1. Has the stretch A:238-254 got at least one residue that is at pLDDT below 85 and either in the same structural domain as A:Val287 (by TED's automatic domain parsing) or within 30 Å of A:Phe120 (Cα to Cα) (or both)?
2. For the stretch B:97-123, name all the residues that are part of a helix (DSSP H, G or I) and surrounded by fewer than 19 Cβ atoms within 10 Å (Cβ to Cβ).
3. How many residues, within the stretch A:266-315, are modelled with pLDDT under 90, in a helix (DSSP H, G or I) and buried (at least 24 other Cβ atoms within 10 Å of the Cβ)?
4. Against the conditions (1) more than 7 Å from chain A (Cβ to nearest Cβ); (2) crowded, with 16+ Cβ neighbours inside 10 Å; (3) not in a helix (DSSP H, G or I), where does B:Ala161 fall short? Just the number, please.
5. Please tell me if A:Phe238 is surrounded by fewer than 20 Cβ atoms within 10 Å (Cβ to Cβ) and either hydroxyl-bearing (Ser, Thr, Tyr) or part of a helix (DSSP H, G or I) (or both).
6. Just to verify a result, which residue in the stretch B:41-95, among those that are of a type in the set (Gly, Ala, Ser) and within 24 Å of the chain's Cα centre (by Cα), is surrounded by the fewest Cβ atoms within 10 Å (Cβ to Cβ)?
7. Could you please tell me which pairs satisfy a Cβ distance under 6 Å, a separation of 6+ or placement on different chains, a first residue in the stretch A:204-233 that is free of Cβ contacts under 8 Å to residues at least 40 places away in the same chain and crowded, with 17+ Cβ neighbours inside 10 Å, and a second residue that is part of a helix (DSSP H, G or I) and hydroxyl-bearing (Ser, Thr, Tyr)?
Amino acid sequence: MVAITKGVAAPRPRRGRFSRLSENRTVLGAGFLLPAAAILLVFLTYPLGLGVWLGFTDTQIGRPGVFVGLENYQDLWQDTVFWLSVTNTLIYTIGASVLKFALGLWLALILNEKLPFKAFFRAIVLLPWVVPTVLSAIAFWWIYDAQFSIISWLLMRLGLIHQPINFLGDPNAARASVIAANVWRGIPFVAITLLAGLQTISPSLYEAATLDGASGWQRFRSITLPMLTPIIAVVMTFSVLFTFTDFQLIYVLTRGGPVNATHLMATLSFQRAIPGGHLGEGAAIAVAMIPFLLGAVMFSYFGLQRRRWQQGGRD
Amino acid sequence: MAQVAPARDHAGDDGGMDYLQRVPRRLVTVYLPLLVFLVVLLFPFYWMTITAIKPNDELTDYANFSPFWVVRPTLDHIKYLLFETDYPGWLWNTMVVAVSATAISLLCSVLAAYAIERMRFSGSRYVGLGIFLAYLVPPSILFIPLALMVFKLGLYDSKWALILTYPTFLVPFCTWLLMGYFRSIPYELEECALMDGASRWQILLRIILPLSVPGLISAAIFAFTLSWNEFIYALTFIQSTENKTVPVGVLTELVRSDVYEWGSLMAGALFGSLPVVVLYSFFVEHYVSSMTGAVKE
């Protein structure tokens, strides 16, 4: 870990001799980069451009489209389902990210305590993050079953409710249910990453603060949080990006229903483009996600921390 | 000491001040929440397992059977899954795709990470940044144009469609992870080898790679897991039943119109998770450390 902290642009003392020893390194470097660059250019950069272009055409499956300018976007602008999906995506992203952060941080603090079998707990806590989302979502589908939900059964046995909750059939219940499933899957990642950050904070800081009479909350507020901010920024950027573009969970649990109440931009884009056949319109919806994603990245880069982690280095 | 600073809460306490904690307090602030977290995080797995071995009459009869236990376990669902569906084929497809995509990505990433990290050619910094940005491009933006490309290239409904598209998210991730590992290898080793007349290729094969085996293992595990879990590309690019991957197959083929075969669905989900869970449990320390390491940078 120590050596990793060298920044990309950090001065390298031995560089002079090193570069003299390999004079053709630009050519050689290009050669080494070629396979990765080829794959990324062909299957990532080109499709990204193609996607933007498709957004300006009326391409359908099996029928090449023509340029229609901003027509797709004008249609979307007046499309209430599209705006509903934008709202849903924002609710989903903000709700799930806040919960993931709060619960993940809490779990990280617990796991940072002195515990028996700590390594074991740390290992099994990560399980929800390891298994395929679609497969755990299928388990949630069954847990959320309208008739045989185990949660409904438990609550009914406890006398808290009198009829099963229609988890995925009622718009607001469905929103809450998909957020809960997303949080379930996201907590381990946040917790384990923040735990790594917590372990780098020196205990002597806490001891000093305690001697000065700081309360537990003050120690958390003035030591833990500031020391953890860089990692929080990184983790939450990733969390927000992946939650915003989530597709699998919604596709399994609700397919956007009931009455589009849980449609995210990604699922709406899929629905319009693949089963609906309107590739152009689907691409336009996908492109409409880009400003939000850029906004999130910019916010974390300029707003939270101007850090070099983006380039694999450290401040 | 204890009178001077009675610790009220111990968020983030470590090592030295543990003697300030009394057992009842720890019970409420540490063990109880931990128990709740564990129960919630692990319950779906228990539920999957118990449903997979429950006979159908017990499955929906909560009045006579406790839902949390199974009275007469059955292997019917699993038998159905293994012998009457294409499930084994889906497992095979997923395995082939995940292994091939991982191998291709790892090869490209090793070369790219070494070039960016060690060759220091002009512009390597921007390439590094570009790789990072590529990792941030989500599949849900790319799948429509990629579907069109896959179709035009004649790869639609074949494993190649997945093997060639999965590296779009694997290569950036692996490169990023390996860059961190390569950075931790001392320059001196390389310089000595260069002095002795070794080529870059020899340095990579004889010095860098043997020293970064832990990094390579982590990258391979991550790449394999990510490919195994991938869904949207597999859903879009594959049509025929026999070519599907596990996540897509379970979802689209095991769910018949009205009757949900919950038992075999859960068995399918369980067996589909097992390979990654087994892999994960063998390399859990690699996994945790590289995951936190990759983000900590």
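The values are calculated or read from the model by the stated rules, or taken from the named source; none is laboratory data. These numbers were taken from a predicted model, which means no experiment stands behind them. Positions of Cβ are backbone-derived with ideal geometry, glycine not excepted, and every protein chain shown enters the neighbour counts.
1. no
2. B:Val99, B:Ser100, B:Ala103, B:Leu107
3. Total satisfying the criteria: 0.
4. All conditions are met except number (3).
5. Working: surrounded by fewer than 20 Cβ atoms within 10 Å (Cβ to Cβ): yes; either hydroxyl-bearing (Ser, Thr, Tyr) or part of a helix (DSSP H, G or I) (or both): yes.
It is true that A:Phe238 is surrounded by fewer than 20 Cβ atoms within 10 Å (Cβ to Cβ) and either hydroxyl-bearing (Ser, Thr, Tyr) or part of a helix (DSSP H, G or I) (or both).
6. Only one residue fits best here, namely B:Gly89.
7. As it stands, the answer is A:Arg219/A:Tyr206, since those pairs meet every condition given.
Per-residue answers, yes or no, for (1) more than 9 Å from chain B (Cβ to nearest Cβ); (2) over 29 Å from the mean Cα position of the chain (by Cα); (3) of a type outside the set (Ser, Thr, Tyr); (4) more than 30 Å from B:Leu235 (Cα to Cα):
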| site | (1), (2), (3), (4) |
| --- | --- |
| A:Ala208 | yes, yes, yes, yes |
| A:Thr224 | no, no, no, yes |
| A:Thr229 | yes, no, no, yes |
| A:Val240 | yes, no, yes, no |
| A:Asp246 | no, no, yes, no |
| A:Ile250 | yes, no, yes, no |
